[in-house]
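To start, the structure under review is shown below, and the notes come after it.
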Amino acid sequence: MKENQKGAVTIVEATFVFPIMFCVIFMLLMACEAYFQYARVERACIQAAVQGAARCENPMLQAVQETGEVPTSPSAAKVRPYRYIFTSEAGAIADEIADELEETIEGFHSMAFRGMTPSNVKVNIEPKMNVLVSSFPVECSFEIKLPIRMIFSNEDMVFRYSISVRQPVGDPAEFVRNVSTVQDYLDRSAVGAKIQEYTSKIQQALDKLAQFIN
């Protein structure tokens, strides 16, 4: 009787334990699939931020990447002086990068579970172009729907993600050009003359103070 009871207990335990373990393992695999898709989207966002910042820094980069040669004509080279003051060029680059990124993400395929691909992809890129500090931020939100539903529920299980990447834009040559432009403008304007007058008075006061201290 005791051996028969032990066998019955084992069967009852296996009846409950095996399905539970199977469900747990199945959910873990789906979570791995969702994280894998998240990692792919994050990598694509980082590449888009780096590419956008590089193209804002050097407008000639796109032509060189497409042709493999340095363009000789100004129109093909896309020379854009003072592009950190007039930011329309950066906005055009951001729109193009956003379209490319959205198309790339929507083209991702699932790894193990059919249908677990990024959906409702929304990309927002608004370059922060300033004379001193500039950056190229990339923001992306998307959803990954699980192929199963909870018991007694008609709603889909969805993972919602949001990714934000910011890449600095640095161009010393353009910075020097912008500073020179501002300096030339101030030198030729009435505001610049007043600033120089005030600066001269401050310097004279400092010289007198230094003489008094010494």
- Task: Report the relative contact order of the range 109-160, percent, no decimals, based on alpha-carbon pairs under 8 angstrom and at least 6 residues apart.
- Result: 32
- What FRET efficiency would be calculated for the residue pair residue 166, residue 110, taking the C-beta separation as r and a Förster radius of 41 Å, to the nearest 0.05? 0.90
- Item | Where 16, 108 fall by accessible area, highest first, once all protein chains stay in place (1.4 Å) | 16, 108
- Expected field for residue 140, accessible surface area in Å² at 1.4 Å probe radius, rounded to 10, holds 0
- Residue-level accessible surface for residue 195, protein heavy atoms, 1.4 Å, Å²: 80
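The values are calculated or read from the model by the stated rules, or taken from the named source; none is laboratory data. From a predicted model like this one, the values you see are computed outputs, not experimental measurements. A quick note on method: Cβ atoms are made from the backbone with ideal geometry, for glycine too, and the neighbour counts reach across all protein chains shown. Calculation scope for accessible area: heavy atoms of the full protein, side chains included, ligands and nucleic acids excluded. Shrake-Rupley method; radii C 1.70, N 1.55, O 1.52, S 1.80 Å.
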